[in-house]
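The values are calculated or read from the model by the stated rules, or taken from the named source; none is laboratory data. Being a predicted model, the structure only gives us computed values, none of them experimental. Note: ideal-geometry Cβ built from the backbone for every residue, glycine included; neighbour counts use all protein chains shown. Just so you know, the surface numbers come from the protein's heavy atoms only, side chains and all, with ligands and any DNA or RNA stripped out. Shrake-Rupley method; radii C 1.70, N 1.55, O 1.52, S 1.80 Å.
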Amino acid sequence: MSIRSFLPGRIGFGTAPLGNMFRAIPDDEAAATVRAAWDQGVRYFDTAPLYGAGLAELRLGEVLEGRPRDEYVLSTKVGRVILDEVEDPAERALGEKGALFEHGRPNRIVNDYSADATLRSIEDSLERLRTDRLDIVWVHDIAQDFYGDDWVGVYESARTGAFRALTRLREEGVIKAWGVGVNKTEPLEMTLALDEPRPDAFLLAGRYTLLDHAHALQRLLPAAAEQDVDIVVGGPYSSGILAGGSHFEYAEAPAEIVEKVGRIKALADTHGIGIKSAALQFVLAHPAVAAVIPGATRPGRIAEDLGALAQDVPYAFWKSLREEKIIAPDAPVPTA
(Lines give C-alpha, C1' and ligand atoms only; values in the text may rest on other atoms or scores of the structure.)
Protein backbone atom coordinates (compact mmCIF):
# COMPACT_ATOMS: atom_id res chain seq x y z
CA MET A 1 0.00 0.00 0.00
CA SER A 2 1.29 3.45 -0.83
CA ILE A 3 1.68 5.31 2.42
CA ARG A 4 0.62 8.49 0.62
CA SER A 5 -2.90 7.06 0.70
CA PHE A 6 -3.07 7.40 4.49
CA LEU A 7 -0.41 9.91 5.54
CA PRO A 8 -2.25 12.96 6.91
CA GLY A 9 0.18 15.49 5.43
CA ARG A 10 3.68 16.03 4.13
CA ILE A 11 5.26 16.89 7.47
CA GLY A 12 5.38 14.72 10.56
CA PHE A 13 7.13 14.72 13.91
CA GLY A 14 10.33 12.73 14.48
CA THR A 15 10.78 11.80 18.13
CA ALA A 16 14.47 10.84 18.30
CA PRO A 17 15.26 14.00 20.30
CA LEU A 18 12.61 12.98 22.87
CA GLY A 19 14.82 10.00 23.73
CA ASN A 20 17.28 12.49 25.26
CA MET A 21 19.49 12.57 22.20
CA PHE A 22 22.50 14.80 22.96
CA ARG A 23 20.96 16.16 26.18
CA ALA A 24 18.60 15.33 29.03
CA ILE A 25 15.22 16.87 28.26
CA PRO A 26 12.79 17.48 31.12
CA ASP A 27 9.61 15.41 30.91
CA ASP A 28 7.39 18.48 30.90
CA GLU A 29 9.33 20.03 28.01
CA ALA A 30 9.06 16.82 25.98
CA ALA A 31 5.32 16.57 26.66
CA ALA A 32 4.76 20.22 25.77
CA THR A 33 6.54 19.70 22.45
CA VAL A 34 4.34 16.76 21.49
CA ARG A 35 1.24 18.69 22.54
CA ALA A 36 2.36 21.66 20.45
CA ALA A 37 2.71 19.39 17.43
CA TRP A 38 -0.79 18.01 17.96
CA ASP A 39 -2.35 21.41 18.63
CA GLN A 40 -0.86 22.79 15.41
CA GLY A 41 -2.23 19.97 13.29
CA VAL A 42 0.63 17.49 13.01
CA ARG A 43 -0.85 14.01 12.75
CA TYR A 44 2.07 11.77 11.81
CA PHE A 45 4.43 10.70 14.60
CA ASP A 46 7.52 8.52 14.17
CA THR A 47 9.43 6.90 17.00
CA ALA A 48 11.63 3.88 17.87
CA PRO A 49 12.65 1.70 20.82
CA LEU A 50 16.27 2.81 20.33
CA TYR A 51 15.44 6.42 21.17
CA GLY A 52 16.47 6.54 24.79
CA ALA A 53 15.82 2.79 25.31
CA GLY A 54 12.06 3.30 25.02
CA LEU A 55 11.96 6.80 26.48
CA ALA A 56 10.70 8.51 23.32
CA GLU A 57 7.91 5.94 22.94
CA LEU A 58 6.88 6.37 26.56
CA ARG A 59 6.79 10.16 26.27
CA LEU A 60 4.90 10.07 22.98
CA GLY A 61 2.39 7.53 24.28
CA GLU A 62 1.68 9.55 27.39
CA VAL A 63 0.57 12.56 25.34
CA LEU A 64 -1.25 10.67 22.58
CA GLU A 65 -3.19 8.45 24.96
CA GLY A 66 -6.81 9.41 24.78
CA ARG A 67 -6.49 11.16 21.42
CA PRO A 68 -8.74 9.63 18.75
CA ARG A 69 -6.60 6.84 17.28
CA ASP A 70 -8.09 7.19 13.81
CA GLU A 71 -6.94 10.81 13.66
CA TYR A 72 -3.19 10.18 13.55
CA VAL A 73 -0.61 7.94 11.91
CA LEU A 74 1.99 6.21 14.05
CA SER A 75 5.22 4.51 13.04
CA THR A 76 7.88 2.83 15.12
CA LYS A 77 10.77 0.46 14.46
CA VAL A 78 12.01 -3.07 15.09
CA GLY A 79 15.45 -4.59 15.46
CA ARG A 80 16.09 -3.61 19.07
CA VAL A 81 14.45 -5.24 22.07
CA ILE A 82 14.45 -3.28 25.33
CA LEU A 83 15.00 -5.35 28.48
CA ASP A 84 14.26 -4.67 32.14
CA GLU A 85 17.90 -5.22 33.14
CA VAL A 86 20.16 -2.18 33.00
CA GLU A 87 23.46 -1.17 31.41
CA ASP A 88 25.59 1.96 31.13
CA PRO A 89 24.04 3.95 28.25
CA ALA A 90 27.41 5.55 27.48
CA GLU A 91 28.97 2.13 26.88
CA ARG A 92 26.50 0.85 24.31
CA ALA A 93 27.84 -0.33 20.98
CA LEU A 94 26.11 2.01 18.54
CA GLY A 95 28.74 1.96 15.82
CA GLU A 96 29.54 5.42 14.49
CA LYS A 97 26.84 6.94 16.69
CA GLY A 98 28.74 6.37 19.94
CA ALA A 99 26.94 7.58 23.05
CA LEU A 100 24.09 9.14 21.10
CA PHE A 101 21.48 8.35 23.75
CA GLU A 102 23.71 8.33 26.82
CA HIS A 103 21.10 10.50 28.59
CA GLY A 104 18.31 7.99 27.93
CA ARG A 105 16.99 5.19 30.12
CA PRO A 106 19.58 2.64 31.30
CA ASN A 107 17.58 -0.36 30.12
CA ARG A 108 19.65 -2.86 28.17
CA ILE A 109 19.19 -2.79 24.39
CA VAL A 110 19.55 -6.07 22.47
CA ASN A 111 19.95 -6.06 18.70
CA ASP A 112 17.73 -8.78 17.22
CA TYR A 113 16.13 -8.81 13.77
CA SER A 114 14.56 -12.27 13.95
CA ALA A 115 10.86 -12.84 13.38
CA ASP A 116 10.24 -13.64 17.05
CA ALA A 117 12.08 -10.53 18.23
CA THR A 118 10.16 -8.45 15.70
CA LEU A 119 6.85 -9.55 17.17
CA ARG A 120 8.07 -9.03 20.73
CA SER A 121 9.39 -5.56 19.85
CA ILE A 122 6.02 -4.57 18.40
CA GLU A 123 4.17 -5.82 21.49
CA ASP A 124 6.52 -3.87 23.76
CA SER A 125 6.19 -0.73 21.64
CA LEU A 126 2.39 -0.93 21.75
CA GLU A 127 2.57 -1.07 25.54
CA ARG A 128 4.94 1.89 25.79
CA LEU A 129 2.89 3.86 23.27
CA ARG A 130 -0.38 3.03 25.07
CA THR A 131 -2.11 2.11 21.83
CA ASP A 132 -3.59 -0.96 20.18
CA ARG A 133 -2.07 -0.66 16.72
CA LEU A 134 0.72 0.69 14.55
CA ASP A 135 0.38 2.02 11.02
CA ILE A 136 3.95 1.68 9.73
CA VAL A 137 6.83 -0.41 11.07
CA TRP A 138 10.42 0.26 9.96
CA VAL A 139 13.28 -2.23 10.23
CA HIS A 140 15.86 -0.07 11.97
CA ASP A 141 19.54 0.61 11.19
CA ILE A 142 20.55 -2.48 9.21
CA ALA A 143 23.47 -0.53 7.78
CA GLN A 144 27.18 0.24 7.92
CA ASP A 145 27.00 3.07 10.42
CA PHE A 146 25.83 0.75 13.19
CA TYR A 147 27.30 -2.61 12.20
CA GLY A 148 30.44 -1.82 10.19
CA ASP A 149 31.74 -4.71 8.09
CA ASP A 150 29.12 -7.03 9.62
CA TRP A 151 26.19 -5.08 8.25
CA VAL A 152 25.42 -7.41 5.34
CA GLY A 153 25.02 -10.34 7.75
CA VAL A 154 22.73 -8.25 9.93
CA TYR A 155 20.77 -7.25 6.85
CA GLU A 156 20.38 -10.91 5.88
CA SER A 157 19.09 -11.72 9.36
CA ALA A 158 16.47 -9.00 8.93
CA ARG A 159 15.57 -10.17 5.43
CA THR A 160 14.77 -13.67 6.62
CA GLY A 161 13.29 -12.55 9.93
CA ALA A 162 11.80 -9.09 10.30
CA PHE A 163 10.99 -8.57 6.61
CA ARG A 164 8.92 -11.74 6.43
CA ALA A 165 7.23 -11.21 9.79
CA LEU A 166 6.18 -7.69 8.82
CA THR A 167 4.94 -8.89 5.43
CA ARG A 168 2.65 -11.35 7.24
CA LEU A 169 1.39 -8.64 9.58
CA ARG A 170 0.63 -6.42 6.61
CA GLU A 171 -1.19 -9.22 4.80
CA GLU A 172 -3.22 -9.92 7.95
CA GLY A 173 -4.14 -6.23 8.25
CA VAL A 174 -2.35 -5.81 11.58
CA ILE A 175 -0.21 -3.00 10.11
CA LYS A 176 -0.80 -0.91 7.01
CA ALA A 177 2.77 -0.80 5.73
CA TRP A 178 6.39 -1.67 6.48
CA GLY A 179 9.80 -0.64 5.26
CA VAL A 180 13.43 -0.08 6.18
CA GLY A 181 14.67 2.89 8.21
CA VAL A 182 18.39 3.69 7.86
CA ASN A 183 20.99 6.43 7.52
CA LYS A 184 22.62 4.85 4.45
CA THR A 185 21.40 4.26 0.89
CA GLU A 186 22.98 0.86 0.22
CA PRO A 187 20.55 -1.27 2.32
CA LEU A 188 17.63 0.38 0.55
CA GLU A 189 19.11 -0.30 -2.88
CA MET A 190 19.58 -3.94 -1.85
CA THR A 191 15.97 -4.14 -0.72
CA LEU A 192 14.69 -2.75 -4.00
CA ALA A 193 16.61 -5.50 -5.81
CA LEU A 194 14.81 -8.28 -3.91
CA ASP A 195 12.08 -10.31 -5.60
CA GLU A 196 10.46 -10.64 -2.18
CA PRO A 197 9.60 -9.51 0.45
CA ARG A 198 8.38 -6.18 -0.93
CA PRO A 199 8.39 -3.08 1.29
CA ASP A 200 5.93 -0.22 0.98
CA ALA A 201 8.24 2.63 1.89
CA PHE A 202 11.65 3.63 3.22
CA LEU A 203 12.68 6.01 5.98
CA LEU A 204 15.95 7.61 4.90
CA ALA A 205 17.68 9.86 7.42
CA GLY A 206 20.35 12.36 6.48
CA ARG A 207 20.99 11.17 2.94
CA TYR A 208 18.65 13.48 1.10
CA THR A 209 19.31 16.95 2.44
CA LEU A 210 20.75 20.22 1.20
CA LEU A 211 24.13 19.05 2.49
CA ASP A 212 24.14 15.46 1.24
CA HIS A 213 21.95 14.30 -1.64
CA ALA A 214 24.01 13.52 -4.73
CA HIS A 215 24.33 9.78 -4.12
CA ALA A 216 20.67 9.20 -3.26
CA LEU A 217 19.66 11.31 -6.25
CA GLN A 218 21.63 9.18 -8.71
CA ARG A 219 20.31 5.72 -7.89
CA LEU A 220 18.06 5.25 -4.90
CA LEU A 221 15.34 7.81 -5.42
CA PRO A 222 14.75 7.06 -9.13
CA ALA A 223 14.62 3.31 -8.40
CA ALA A 224 12.22 3.82 -5.49
CA ALA A 225 9.95 5.99 -7.60
CA GLU A 226 9.96 3.40 -10.39
CA GLN A 227 8.87 0.69 -7.95
CA ASP A 228 6.31 2.92 -6.16
CA VAL A 229 8.21 2.72 -2.87
CA ASP A 230 7.61 5.96 -1.01
CA ILE A 231 10.41 7.78 0.81
CA VAL A 232 10.01 9.46 4.19
CA VAL A 233 12.97 11.73 4.86
CA GLY A 234 14.31 11.94 8.39
CA GLY A 235 16.98 14.32 9.58
CA PRO A 236 16.22 17.10 7.04
CA TYR A 237 18.34 19.49 9.12
CA SER A 238 21.35 17.11 9.04
CA SER A 239 21.32 16.54 12.82
CA GLY A 240 20.67 20.22 13.50
CA ILE A 241 23.32 22.17 11.59
CA LEU A 242 20.66 23.39 9.12
CA ALA A 243 18.46 24.60 11.94
CA GLY A 244 20.93 26.71 13.88
CA GLY A 245 22.55 23.84 15.77
CA SER A 246 26.15 22.63 15.79
CA HIS A 247 25.74 18.91 15.02
CA PHE A 248 26.18 17.18 11.65
CA GLU A 249 25.86 13.41 11.35
CA TYR A 250 25.24 13.19 15.11
CA ALA A 251 28.58 14.85 15.99
CA GLU A 252 30.10 18.32 16.05
CA ALA A 253 30.09 19.64 12.48
CA PRO A 254 33.48 19.79 10.72
CA ALA A 255 34.78 23.11 9.40
CA GLU A 256 33.87 22.42 5.76
CA ILE A 257 30.24 21.74 6.68
CA VAL A 258 30.05 24.87 8.82
CA GLU A 259 31.40 26.84 5.85
CA LYS A 260 28.87 25.31 3.46
CA VAL A 261 25.99 26.05 5.81
CA GLY A 262 27.25 29.62 6.05
CA ARG A 263 27.06 29.93 2.27
CA ILE A 264 23.52 28.57 2.23
CA LYS A 265 22.44 30.92 5.00
CA ALA A 266 23.97 33.91 3.22
CA LEU A 267 22.02 33.10 0.06
CA ALA A 268 18.85 32.54 2.09
CA ASP A 269 19.31 35.92 3.77
CA THR A 270 19.82 37.56 0.39
CA HIS A 271 16.49 36.19 -0.81
CA GLY A 272 14.68 36.93 2.44
CA ILE A 273 13.95 33.35 3.46
CA GLY A 274 14.85 31.11 6.37
CA ILE A 275 17.35 28.28 6.07
CA LYS A 276 14.76 25.90 7.53
CA SER A 277 12.47 26.75 4.61
CA ALA A 278 15.25 25.87 2.20
CA ALA A 279 15.98 22.59 3.98
CA LEU A 280 12.39 21.35 4.19
CA GLN A 281 11.18 22.49 0.79
CA PHE A 282 14.23 21.08 -1.01
CA VAL A 283 13.55 17.63 0.46
CA LEU A 284 9.86 17.63 -0.43
CA ALA A 285 10.45 18.75 -4.00
CA HIS A 286 11.58 15.29 -5.06
CA PRO A 287 8.62 13.27 -6.40
CA ALA A 288 9.76 10.12 -4.58
CA VAL A 289 9.49 11.84 -1.19
CA ALA A 290 6.14 11.41 0.52
CA ALA A 291 6.87 13.21 3.79
CA VAL A 292 9.54 14.72 5.99
CA ILE A 293 9.82 14.26 9.76
CA PRO A 294 11.98 16.86 11.49
CA GLY A 295 12.53 16.36 15.20
CA ALA A 296 12.10 18.88 17.97
CA THR A 297 12.50 19.20 21.73
CA ARG A 298 10.98 22.63 22.30
CA PRO A 299 7.35 23.59 21.61
CA GLY A 300 8.33 26.68 19.63
CA ARG A 301 10.18 24.60 17.07
CA ILE A 302 6.91 23.17 15.76
CA ALA A 303 5.60 26.55 14.64
CA GLU A 304 9.01 27.27 13.09
CA ASP A 305 8.86 24.09 11.03
CA LEU A 306 5.30 24.64 9.85
CA GLY A 307 6.08 28.24 9.00
CA ALA A 308 9.18 27.17 7.09
CA LEU A 309 7.13 24.76 5.05
CA ALA A 310 4.61 27.48 4.16
CA GLN A 311 7.11 30.24 3.34
CA ASP A 312 7.25 31.38 -0.28
CA VAL A 313 10.73 30.61 -1.62
CA PRO A 314 11.60 32.35 -4.89
CA TYR A 315 12.98 30.29 -7.75
CA ALA A 316 15.94 32.66 -7.87
CA PHE A 317 17.13 31.19 -4.57
CA TRP A 318 17.20 27.64 -5.95
CA LYS A 319 18.94 28.92 -9.07
CA SER A 320 21.61 30.53 -6.91
CA LEU A 321 22.16 27.23 -5.05
CA ARG A 322 22.74 25.51 -8.38
CA GLU A 323 25.07 28.22 -9.61
CA GLU A 324 27.09 27.96 -6.40
CA LYS A 325 27.18 24.16 -6.84
CA ILE A 326 25.55 23.68 -3.44
CA ILE A 327 22.85 21.46 -4.89
CA ALA A 328 23.19 19.01 -7.76
CA PRO A 329 22.19 20.37 -11.18
CA ASP A 330 19.53 17.68 -11.60
CA ALA A 331 18.06 17.94 -8.08
CA PRO A 332 14.35 18.79 -8.26
CA VAL A 333 13.40 22.12 -6.68
CA PRO A 334 9.94 23.41 -5.72
CA THR A 335 9.49 25.67 -8.75
CA ALA A 336 11.05 25.70 -12.18
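Taken over the stretch 75-103, the criterion of being farther than 27 Å from ASP149 by Cβ and in a loop (DSSP other than H, G, I, E, B) is satisfied by HIS103 alone. A search for C-beta distances below 7 Å between a residue of the stretch 270-282 that is hydroxyl-bearing (Ser, Thr, Tyr) and any residue that is buried (at least 18 other Cβ atoms within 10 Å of the Cβ), counting only pairs 6+ apart in sequence or on different chains, returns SER277/ALA308; SER277/VAL313. Within the stretch 56-65, can one find any residue that is at pLDDT 95 or above, under 25 Å from ARG164 (Cα atoms) and within 18 Å of the chain's Cα centre (by Cα)? Scanning the stretch 56-65 turns up at least one residue that is at pLDDT 95 or above, under 25 Å from ARG164 (Cα atoms) and within 18 Å of the chain's Cα centre (by Cα). Residues in the stretch 121-180 that are open to solvent by 10 Å² or more (accessible area, probe 1.4 Å), in a helix (DSSP H, G or I) and not basic (Lys, Arg): 21 in all. The stretch 246-336 holds helices (runs of 4 or more DSSP H) entirely within its bounds, and those carrying 1 or more residues that are in contact with a strand residue (DSSP E or B) (Cβ under 7 Å, 6 or more places away or on another chain) map to 255-270, 275-284, 299-310. Looking at LEU74, LEU94, can you tell me which residue is at pLDDT below 95 and of a type in the set (A, V, I, L, M)? The match here is LEU94. Residues of the stretch 6-50 that are part of a strand (DSSP E or B) and touching a residue at least 60 places away in the same chain (Cβ under 8 Å): ILE11, PHE13, GLY14, TYR44, ASP46. Looking at the stretch 125-156, which of its residues are among the polar types (S, T, N, Q) and closer than 16 Å to ALA93 by Cβ? Once the filter is applied, which keeps residues that are among the polar types (S, T, N, Q) and closer than 16 Å to ALA93 by Cβ, the stretch 125-156 yields only GLN144. Of the residues in the stretch 191-205, none is in contact with a Pro (Cβ under 7 Å, 6 or more places away or on another chain) and within 19 Å of ARG120 (Cβ to Cβ). Within the stretch 89-110, the only residue that satisfies the criterion of being open to solvent by 70 Å² or more (accessible area, probe 1.4 Å) and in contact with a strand residue (DSSP E or B) (Cβ under 6 Å, 6 or more places away or on another chain) is ARG108. Scanning the stretch 16-67 for residues that are open to solvent by 10 Å² or more (accessible area, probe 1.4 Å), small (Gly, Ala, Ser) and under 13 Å from ALA296 (Cβ atoms) yields a total of 4. One residue stands out in the stretch 208-234 among those that are more than 17 Å from ILE327 (Cβ to Cβ) and not in a helix (DSSP H, G or I): the one that is most open to solvent (accessible area, probe 1.4 Å), namely ASP228. So, in the stretch 293-336, how many residues would count as being open to solvent by 80 Å² or more (accessible area, probe 1.4 Å) and farther than 14 Å from ILE11 by Cβ? Total meeting the criteria: 10.
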